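Student: Can you read through this structure? Questions will come right after.
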Amino acid sequence: MKIATYNINSIKARCANLCEWLKTAQPDIVFLQEIKCETENFLYLECESLGYHVAVLGQKGYNGVAILSKFNFEITSKNLPNFTENTEARYIEILVKHPQFEFYAASIYAPNGCHTDSKIQNIKLQNKLHWFDCLYQHLLPLLASNTPILLAGDFNVMMSELDVFDENRFKGSPLYIKEVRNKLKALSFIGFHDAFRILHPSEEGFTFWDYSANSFVTNSGLRIDYIWLSALLAEKLKECFVDKSLRSMNKPSDHTALVAELDM
């Protein structure tokens, strides 16, 4: 089973790129973030014509998450039910009906937390930390059900110096400060495994390059997109890699796809 996560930075702007890549890469499940359209305006026909069932939680002009799956599924959650400020579309979860066994799968777009005004940034940071707390609280009963879980998306966190081209530039950033890194690392404490790091413990694995200053050309990137697997799925992991082809296309997203293959 091949899975991929991709912050598309507008499904309408990048639909042609996505469809071309889907035909070539042939992933079984794709997790999208920042689709930037309302649920009813998602490009269902284009994705369904390529053999995918579609789950969408959209928002006009901002955020938005979706899952494309070649397997049947049922939607189990739209946004985190215990997060009281769900005005932004950042989480969608399905129960995948895979022929071997069912598992939960979620597309995640975590809050960024950054702002040029320090007071506003502090508010956004506290919201980000609270959002992660609510994510963990939501995951605990799912883990207790002994149903495998797969989390994929843009977590807006670099966990270590390997995940950032120049950590000095991000010392005080909500993308990199200790409090935020600890929130993401806590996933490993409750039973999740970072798919890329399992197989590549000392490689960079950048998935994001800013549009400015030739960042992609100079490889001035960040690793902020992740695939997290609960134990049973982690045992089946065979490959995990960054597919830079999407970032090399015409008018690309500032992210590219992170891909994993599991032996089911």
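The values are calculated or read from the model by the stated rules, or taken from the named source; none is laboratory data. Everything numeric here is computed off the predicted structure, so don't read it as measured data. Here the Cβ is made from the backbone with ideal geometry for all residues, glycine too, and neighbour counts use every protein chain on show.
Student: So, in the range 201-238, of the ones that are of a type in the set (Gly, Ala, Ser) and under 23 Å from ALA186 (Cβ atoms), which residue ends up surrounded by the fewest Cβ atoms within 10 Å (Cβ to Cβ)?
Tutor: The selected residue is SER202.
Student: Within the range 112-130, can one find any residue that is in contact with a Phe, Trp or Tyr (Cβ under 7 Å, 6 or more places away or on another chain), surrounded by fewer than 22 Cβ atoms within 10 Å (Cβ to Cβ) and either modelled with pLDDT of 95 or more or under 28 Å from ILE177 (Cα atoms) (or both)?
Tutor: No: the range 112-130 contains no residue that is in contact with a Phe, Trp or Tyr (Cβ under 7 Å, 6 or more places away or on another chain), surrounded by fewer than 22 Cβ atoms within 10 Å (Cβ to Cβ) and either modelled with pLDDT of 95 or more or under 28 Å from ILE177 (Cα atoms) (or both).
Student: Give the range 11-33 a look and list any residue that's over 19 Å from LEU150 (Cα atoms) and either aromatic (Phe, Trp, Tyr) or surrounded by 22 or more Cβ atoms within 10 Å (Cβ to Cβ) (or both), or say none.
Tutor: Of everything in the range 11-33, those that are over 19 Å from LEU150 (Cα atoms) and either aromatic (Phe, Trp, Tyr) or surrounded by 22 or more Cβ atoms within 10 Å (Cβ to Cβ) (or both) turn out to be ILE11, ARG14, LEU18, TRP21.
Student: Can you report the number of residues in the range 182-213 which are touching a Ser or Thr at 6+ places or on another chain (Cβ under 8 Å) and without any contact (Cβ under 8 Å) to a residue 40 or more places away in the chain?
Tutor: 2
Student: Just wondering, is there one or more residues in the range 235-247 that are within 21 Å of LEU262 (Cα to Cα), touching a helix residue (DSSP H, G or I) at 6+ places or on another chain (Cβ under 9 Å) and among the β-branched types (Val, Ile, Thr)?
Tutor: yes
Student: Tell me the residue from GLY51, GLY58 that is modelled with pLDDT of 95 or more, among the small types (Gly, Ala, Ser), surrounded by fewer than 16 Cβ atoms within 10 Å (Cβ to Cβ) and over 24 Å from ILE190 (Cβ atoms), please.
Tutor: The conditions single out GLY51.
Student: Exactly one condition in (1) outside any loop (DSSP other than H, G, I, E, B); (2) surrounded by 17 or more Cβ atoms within 10 Å (Cβ to Cβ); (3) of a type outside the set (Gly, Ala, Ser); (4) in contact (Cβ under 8 Å) with a residue 40 or more places away in the chain is false for ASP133; which is it?
Tutor: Evaluating ASP133 over (1) outside any loop (DSSP other than H, G, I, E, B); (2) surrounded by 17 or more Cβ atoms within 10 Å (Cβ to Cβ); (3) of a type outside the set (Gly, Ala, Ser); (4) in contact (Cβ under 8 Å) with a residue 40 or more places away in the chain leaves (2) as the failure.
Student: Mind listing just one residue for me: the one in the range 143-170 that is among the polar types (S, T, N, Q) and under 19 Å from the mean Cα position of the chain (by Cα) and, of those, nearest to PHE216 (Cα to Cα)?
Tutor: My answer is ASN156.
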